[in-house]
Amino acid sequence: MPHGPTLATQLRHTAACVQAVVEGRSLSEVLPALPPALRPGVQALSFHVLRHLGTARALVALLAQRKPAPAVQALLCSAVALLLDEAEGQGAPRYAPHTVVNQAVEAARQARPTERQASFVNACLRRFLRERADLLAEIGNDLVARWNHPLWWIQRLQHDHPGHWQAILVACNQPGPMALRVNRRRTDRATYQQALQAIGLASHPAGSDGLVLEAPQPVERLPGFAEGHCSVQDTAAQVAADLLLGGRAWAPTDRVLDACAAPGGKTAHLLERAELNLLAIDVDPRRCERIEDTLRRLRLRAEVRCADAAQPAAWWDGQPFNAILLDAPCTASGIVRRHPDVRWLRRASDVDALVATQRALLEALWPLLKPGGRLVYATCSVFRAEGAEQVQAFLVHHTDARQGPSPGHLLPGAAAPSGEFNDNHPGGHDGFFYACLDKAPP
C-alpha cells in the first residue's frame with residue numbers, strides 16, 4: 001500500500017513556506033508550486049504554524065542564544081508550533097512530541113541550508129520539551145506571543161474595538177467554518193439542506209441564502225456543486241446582495257456595477273437574486289478569468305471587463321448606474337482566519353496606503369451613480385480607518401450622499417443572535433464592513 005509523504009518531508013516544505021511568508025511572499029503564491037501530493041498536508045501545517053508564529057518566534061528566541069539562519073529559524077518555529085498543542089493543554093497533540101523532534105531533525109538533514117544544523121535543531125527542541133513550562137511563563141507578558149498577531153495590529157484593534165479586541169483576535173486564530181450560498185436559480189435552501197443531510201452532512205441556515213456546514217468538505221462532495229447549485233462563501237460576504245438589492249423591485253434593464261469584482265462571488269449572488277444588466281470589472285486579467293469561471297459554473301451572465309475602477313474615463317460609457325457595489329481593496333484584516341499569512345505580510349503603513357486607494361475609488365465611482373441610486377461600500381477589514389472612518393469622511397465632503405441603514409463593522413467572535421449583524425454583536429463570520437450610501441434624488 002502506498003504511503004503519503006513523511007512528516008519530515010512535510011515539515012521541510014512547511015518551513016520553506018513559513019520562511020517565504022516572513023520574507024514577504026503569500027501562501028497563495030507559494031503553495032501552488034508544491035507537488036499536488038504534498039499540498040494539502042503542507043497547507044494544513046503552514047496554517048497551523050502561522051496561527052502560532054508569535055509564540056513560536058518568542059520561544060525560539062529563548063532557545064537559541066543567537067538568531068539562527070532564516071531556514072533554521074523557520075524549521076524551529078514550525079516544530080515548536082506543532083509542540084504547542086500539547087504544551088498548552090489544547091487537547092491531544094497532532095503528533096507525539098518525540099515524533100515531532102525526530103522528524104524535525106530529519107527534515108534538517110534533508111535540505112542543504114539546514115543539514116549542518118540538525119544537532120542544533122535537536123538540542124533546541126529537546127530543551128523546549130524539558131523546560132516548556134518555564135519558557136512559556138517567560139513569554140507570558142509578550143503581547144505578540146500571546147495573541148499571535150503583529151504588535152501594531154493588536155494596538156489598532158485595542159483602539160478601534162476596545163470592548164471586542166480580545167474576542168476578535170481569538171476568533172481570527174481559529175479556522176473559519178465552511179459556509180455555502182445556495183443558488184436560488186437552481187434550487188432552494190430547504191431542498192439543498194435536505195440533499196446535504198441525505199449524504200450525512202449536517203448544516204444550519206445563516207442569512208438569506210446561506211448554510212453553514214458542521215464540518216468542512218471537499219467541494220466535489222457537495223451535491224450539484226459542478227452544476228451550480230451552491231457556492232462556497234462566508235456568511236458575512238453574503239450580506240452584500242441583501243444591502244444592494246433589498247427594498248425595491250429590479251428590472252433586466254437596471255444597470256448595476258460590481259467594481260473590484262474578482263473572484264466573482266458577490267457578482268454571482270446579485271445575479272442569482274435578480275435579472276440585471278450587470279457590469280463586473282477588475283484590474284487583474286487573471287482575476288477576471290476567475291469571474292468568468294464562477295459565472296460559467298453557476299449558469300449566469302454578466303459583462304466582465306478588465307479595467308481600473310478608479311479610472312472610469314477609460315471604460316465608462318457615460319450611462320449612470322442604478323446601483324454600485326464597491327468591494328474595495330483592503331488589508332483583509334477580517335479574513336485572517338482563512339488566510340493566516342495576511343497578518344504577517346501586512347505592515348502598519350499599508351493601512352494608510354489602502355485608505356487612500358479606497359478614497360480614490362469612492363471619489364471616482366460616486367459620479368457614475370444615478371440620483372436616487374445606492375452605492376454599497378464594503379471591505380473585508382475590521383479596522384475602522386477602512387470602514388466607519390472612511391465613510392464618515394466621505395459623507396462630510398458629499399452633501400448629496402446619505403448613509404442608509406447599514407451593518408457597519410461585522411466583527412468575528414462569539415455567535416450573534418440569529419440573523420443579527422451589527423457593531424455590538426460579534427458573529428460567527430468573517431470580519432467585514434458595509435455602508436449603504438444613497439444618492440439624493442434629483
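List the trypsin sites (Lys or Arg not before Pro) in the range 159-226 that DSSP assigns to loop (not H, G, I, E or B) and whose Cβ has at most 15 other Cβ atoms within 10 Å. Which are they?
Working: sites: ARG181, ARG184, ARG185, ARG186, ARG189, ARG221; in loops: ARG184, ARG185, ARG186.
Here the trypsin sites (Lys or Arg not before Pro) that fit, given the DSSP loop and packing criteria, are ARG184, ARG185.
Would you mind estimating how fast the range 239-439 diffuses translationally, via Stokes-Einstein at 37 °C and 0.692 mPa s with the Kirkwood radius over Cα pairs, in µm²/s?
Calculated translational D: 191 µm²/s.
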Which of the lysines could a cross-linker bridge to LYS266, judged by Cα under 29 Å and excluding same-chain residues fewer than eight apart?
LYS370, LYS439
Helical segments meeting 24 Å axial Cα length and Kyte-Doolittle -0.5 threshold in the chain (DSSP H):
70-87, 118-138, 348-365
Just to confirm the filter: which trypsin sites (Lys or Arg not before Pro) across the range 245-280 are DSSP coil and have at most 15 other Cβ within 10 angstrom of their Cβ?
ARG248
Quick one: pull the percentage of alpha-carbon pairs in the chain with a separation above 37 Å.
31 percent
Expressed as a percent, the portion of alpha-carbon pairs in the range 1-118 spaced more than 26 Å apart is 13 percent
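Within the chain, which is the longest segment that contains none of the GluC sites (Glu not before Pro) sitting in a DSSP loop with at most 16 other Cβ atoms within 10 Å?
On the way: sites that count: GLU23, GLU88, GLU214, GLU227, GLU275, GLU420.
No qualifying site falls inside 276-419, the longest such stretch.
Given only helices, namely DSSP H runs of n ≥ 4 each adding -39500 (n - 2.57), what is the per-residue ellipticity at 222 nm of the chain, to the nearest 500 deg cm²/dmol? Please report the intermediate quantities before stating the final value.
Working: 17 runs with 191 residues, N = 442.
The per-residue figure over the chain is -13000 deg cm²/dmol.
Coordinate-derived values only; no laboratory data. Just so you know, these numbers come straight off a predicted model, no measurement behind them. Neighbour counts run over all protein chains shown; Cβ positions are idealised from the backbone, glycine included.
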